[in-house]
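To start, the structure under review is shown below, and the notes come after it.
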Amino acid sequence: MIKRVLVSLVLLLLLLAVGGGWYLRRADDYRADGELELAVLDAPVRVLRDEQGIPYIYADSLADALRAQGFITAQDRLFQIELSRYVSQGRLAELIGERALASDRRLRIAGVPMHGRRHAALLDAEGRWIFERYLEGLNAYIREHRDEHPVDLRLLGLEAQPWTLEDMLILQYFLMWSSSQNLGSELVSQAIVDRLGPERAGEIMQLTVNPDDERPVATVPPLASARLGLRDTGGWEQVGARPAALGSNSWAVAPWRSTSGAAMLASDPHVDSRTLPGIWHPLGLITPELRAVGVAGTGVPGLAIGRSDHIAFGVTNSYGDVIDLFIETVDPQDPGRYLEGGRSLPFEWREETLRVRDRSAPSGYREERLRIRSTRRGPVISDHGMTLDDGRVISMRWSPPEDMRPRVGVDRLWLAKSIDEAAAAIADIAAPYNYTVVDTAGNIAHVTAGRVPVRRRGDGALPQPVRDGSDAWAGMIPAAEMPGQRNPQRGWVGNANHRTLPADYPYAYSTYFAASWRYRRMRELLDGDRRLSAADHWRFQRDVKNLLAARVAPVMAAALAADEETAGLARLLQDWNYEDHANLAAPAVFQAVFRRFARLTFEDDLGPELTQRMLKIYYYWQERLARMVLDGAPQWFDDRRSERVETRDELFREAGRLARVELEAQLGRDPRDWRWGDLHRVTFASPLLPGERAAALLGGGTRPMPGSGETLNRAIYPFDAPYRVKIIASLRFVADLADPDRVYAVLPGGASGRQFDPHLKDQLDAWFDGEMRAWWFSDRAIAEHAVSELRLLPAAQ
């Protein structure tokens, strides 16, 4: 596959070099004007596209609007749709070989394809209806317009195949799995308990904070205090850091806090969206009964974030804990059975077959068979890339497959006409999401989705031993008792993946949340009585004030100032306003020193390997380490490997010396010439080929990036790959329900997924520059900005 892509790329570059761009665009063209037959329609449909290539679908019925959405999405994003099938079904190794095998294995072991197929069979007629109408249009394009299929597919030698309802539900389960974020932290926590024991481990386990209620939170004693000797070689800890993992900011203000007199909503989901054109497909859906504009997930009907003529809604990850790990004991008398107290039960077995692209195999593929055993709690994941000291095994229990309902909710949220109807749809959504919703009656709300178990024992932070046959879960937290609020007195709601629970929340909802810095900044911007405009919200989404730095940098600077070797770094920090602008040196100093300081703090106690595993999970340690810096934790700052006693400030100075060497090597010897954006960069890759060189030719290039993981304008780099930005705002969206003509939105890419379409990346510069781009809402505005019109006709016409 890679060889084919490289050969194709060389040919493409040769074509471009001899002026073949026109030919390539023609070869990758599709019909945007005129008429096309779409036989499944009941009546003609009009598709108007604006200057950005965004389609606005006019249909006489919801059924035809959905059919046309499937058809038009395939026009724009068929390569992306087809790739999502391979990824979600654990089949990516069929395309790219060995490199994808580990992730394919994990998806199959977790049962993502199996659960999707099972849930598809359980949907009732209403639960299937929206998916089936969308599939009719999607499959019509796949079957009947192969001459229009994107050149990306042809260059890779792929042929798109029709989708089924099972495919759609498997994709839904993949998205749920991608949002189930706590598995990696549980494995790291157990490894820390193994090394330090439960008491010392508790001193550095994740600290979660709700800035709206900072009362002490009661902790549940760890249940798995015995050493397991757990070692993960199968990449299970990466389940907490997948590319599709959803972070985000979302907030809304009440009419009395709005300059327009109506509720306003802002939403910017943070995802790895570096491959053009991004993960969201922008569009409008208009019928006599409905008007909605926003974005859809590729291959998913309706809208994921958007505005209708009744509501607007945005989404973040709530980090509800929907995965628990269990320590199981194999029956010493029979390795085919396991124990629940004195009862011996047989393991259940299933088999999965994976195809792996392999040029050395006669057929071009080889097969790998996975035998997966399960207990009553779920698959034994420790059979696949883990070891334990004494032969015990670890099973994984994932809640969404245990509470399958006849409707999935996410397909109908966008059709709600009020906060109450939205909440009813959200109650059916199994993924752990926060929704922010506003309606035209002036209501604002934070509503939480997901199947979070009612835990009878423990809090889910650590694997727990199975001691008997009793169920560790007592069902799921009822929708009415999930976290959330409506119409608070302060006039706004919002969240930034942080702990939103009150201190006295009665359920063990989660021990894993984002640090509080972004939400604290949100409070600084939104608290008070000032009326805010859509432009204010747009500006807030690009805010780069770093409140972690505002707390820690003064302490860091004071320590660095005491040593001549690091005093220059101190001066940069002392003159800083704690804003992570790309043209400043101080953000680079803070990030480099704090990274080194974190490693120095923990490495003597945890060792290099476990320290690296923990530090890769930012949410696990950032809030805790900041508290240790401010409140004092001398036992952790002392290096146990030396005979003398080190202090916090000495660690900062050592971190400063190491950081200076690092920064001089990358940015030059004079700190006055350092720029955060010269270090902190993001690459927007071609959909055909990854990498910076290909991005420069076929993608969006590599660019300096402001912000950080701690700012509202999100730009997260992996701890083990500094400072290459990976997680960004995949969409910026602001809706004012009083504005009859538009929403404001921009993507780090464009509407089209075709490599040679100008709309692949025509929003990227606006995304970088902060330009307020309008997506149109009213008939008048859509008509004024239409540059093409396609009529889709039923078979009879």
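The values are calculated or read from the model by the stated rules, or taken from the named source; none is laboratory data. Because the structure is a prediction, the values reported are computed rather than measured. With ideal geometry, Cβ positions are generated from the backbone for all residues, glycine too; neighbour counts draw on all protein chains shown. For accessibility, only protein heavy atoms count, side chains too; no ligands or nucleic acids. Shrake-Rupley method; radii C 1.70, N 1.55, O 1.52, S 1.80 Å.
Before moving on, here are some points about what is shown:
- Scoring S752 on the criteria (1) at pLDDT 95 or above; (2) open to solvent by 10 Å² or more (accessible area, probe 1.4 Å) leaves a single failure, condition (2).
- The residues of the stretch 489-540 that are open to solvent by less than 30 Å² (accessible area, probe 1.4 Å), assigned to a loop (DSSP other than H, G, I, E, B) and in contact with a His (Cβ under 9 Å, 6 or more places away or on another chain), listed by number, are N497, F513, A514, A515, S516.
Here is a yes/no grid of residues against (1) more than 14 Å from T601 (Cα to Cα); (2) free of Cβ contacts under 8 Å to residues at least 60 places away in the same chain:
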{"residue": "D631", "(1), (2)": "yes, yes"}
{"residue": "W636", "(1), (2)": "no, no"}
{"residue": "D639", "(1), (2)": "no, yes"}
{"residue": "V645", "(1), (2)": "no, yes"}
{"residue": "E662", "(1), (2)": "yes, no"}
{"residue": "L667", "(1), (2)": "yes, no"}
{"residue": "D670", "(1), (2)": "yes, yes"}
{"residue": "R675", "(1), (2)": "yes, no"}
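- Among residues of the stretch 197-212 that are free of Cβ contacts under 8 Å to residues at least 24 places away in the same chain, those with a Cβ under 6 angstrom from a residue that is surrounded by 15 or more Cβ atoms within 10 Å (Cβ to Cβ), sequence gap 6+ or separate chain, pair up as A201/I192; A201/V193.
- Residue in the stretch 43-63 that is of a type outside the set (S, T, Y), modelled with pLDDT of 95 or more, touching a Ser or Thr at 6+ places or on another chain (Cβ under 7 Å) and on the phi > 0 side of the Ramachandran plot present: yes
- Counted residues, the stretch 178-208 - those being within 30 Å of V300 (Cβ to Cβ) and either modelled with pLDDT of 95 or more or open to solvent by 30 Å² or more (accessible area, probe 1.4 Å) (or both): 0
- Residues within the stretch 49-58 that are over 23 Å from R146 (Cβ atoms) and open to solvent by less than 10 Å² (accessible area, probe 1.4 Å), tallied: 3
- So V18, is it of a type in the set (A, V, I, L, M), farther than 30 Å from H384 by Cα and either open to solvent by less than 50 Å² (accessible area, probe 1.4 Å) or modelled with pLDDT under 95 (or both): yes
- Within the stretch 686-697, being open to solvent by less than 20 Å² (accessible area, probe 1.4 Å) and assigned to a helix (DSSP H, G or I) holds for A694, A695.
- Options R773, R780, R732, R742: the member that is closer than 18 Å to Y58 by Cβ and buried (at least 16 other Cβ atoms within 10 Å of the Cβ): R742
- Only one of S470, S418, S395, S399 that is in contact (Cβ under 8 Å) with a residue 60 or more places away in the chain, of a type in the set (S, T, Y), touching an Asp or Glu at 6+ places or on another chain (Cβ under 9 Å) and over 30 Å from R133 (Cα atoms): S395
- The one condition from (1) without any contact (Cβ under 8 Å) to a residue 12 or more places away in the chain; (2) in contact with a Ser or Thr (Cβ under 7 Å, 6 or more places away or on another chain) that P478 does not meet is (2).
- Selection within the stretch 760-770: residues that are open to solvent by less than 40 Å² (accessible area, probe 1.4 Å) and in contact (Cβ under 8 Å) with a residue 60 or more places away in the chain. The member of this set that is farthest from G278 (Cα to Cα) is G770.
- The single condition from (1) in a loop (DSSP other than H, G, I, E, B); (2) at pLDDT below 90; (3) open to solvent by 20 Å² or more (accessible area, probe 1.4 Å) that E159 fails is (2).
- Of all residues in the stretch 783-793 being open to solvent by 10 Å² or more (accessible area, probe 1.4 Å) and not charged (D, E, K, R), the one that is nearest to A32 (Cα to Cα): S788
- Scanning the stretch 403-433 for residues that are open to solvent by 30 Å² or more (accessible area, probe 1.4 Å), touching a Gly at 6+ places or on another chain (Cβ under 9 Å) and assigned to a helix (DSSP H, G or I) yields L415, A424.
- Yes/no for D563 being acidic (D, E), in contact (Cβ under 8 Å) with a residue 40 or more places away in the chain, open to solvent by less than 60 Å² (accessible area, probe 1.4 Å) and farther than 30 Å from V253 by Cβ: yes
Yes/no per residue for (1) over 30 Å from L760 (Cβ atoms); (2) more than 25 Å from the chain's Cα centre (by Cα):
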| position | (1), (2) |
| --- | --- |
| R105 | yes, no |
| G127 | yes, yes |
| Q161 | no, yes |
| M168 | no, no |
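- Exclusive hit being open to solvent by 30 Å² or more (accessible area, probe 1.4 Å) and either in contact with a Cys (Cβ under 7 Å, 6 or more places away or on another chain) or not β-branched (V, I, T) (or both), set L66, L122, L78: L122
- If you go through the stretch 449-477 and keep only what is of a type in the set (A, V, I, L, M, F, W, C), more than 30 Å from A304 (Cβ to Cβ) and open to solvent by less than 10 Å² (accessible area, probe 1.4 Å), you end up with just A472.
- Qualifying positions in the stretch 521-536 - more than 22 Å from the chain's Cα centre (by Cα) and under 11 Å from W251 (Cβ atoms): R523, L525, L526, L532
- Candidate set from the stretch 162-177 (those that are in a helix (DSSP H, G or I) and aromatic (F, W, Y)); member that is surrounded by the most Cβ atoms within 10 Å (Cβ to Cβ): Y173
- Wholly enclosed helices (runs of 4 or more DSSP H) of the stretch 567-683 bearing at least 2 residues open to solvent by 20 Å² or more (accessible area, probe 1.4 Å): 567-574, 586-615, 618-631, 634-637, 648-667
- Y141 buried (at least 22 other Cβ atoms within 10 Å of the Cβ), under 30 Å from S686 (Cβ atoms) and out of contact with any strand residue (DSSP E or B) (no Cβ under 9 Å at 6 or more places or on another chain): yes
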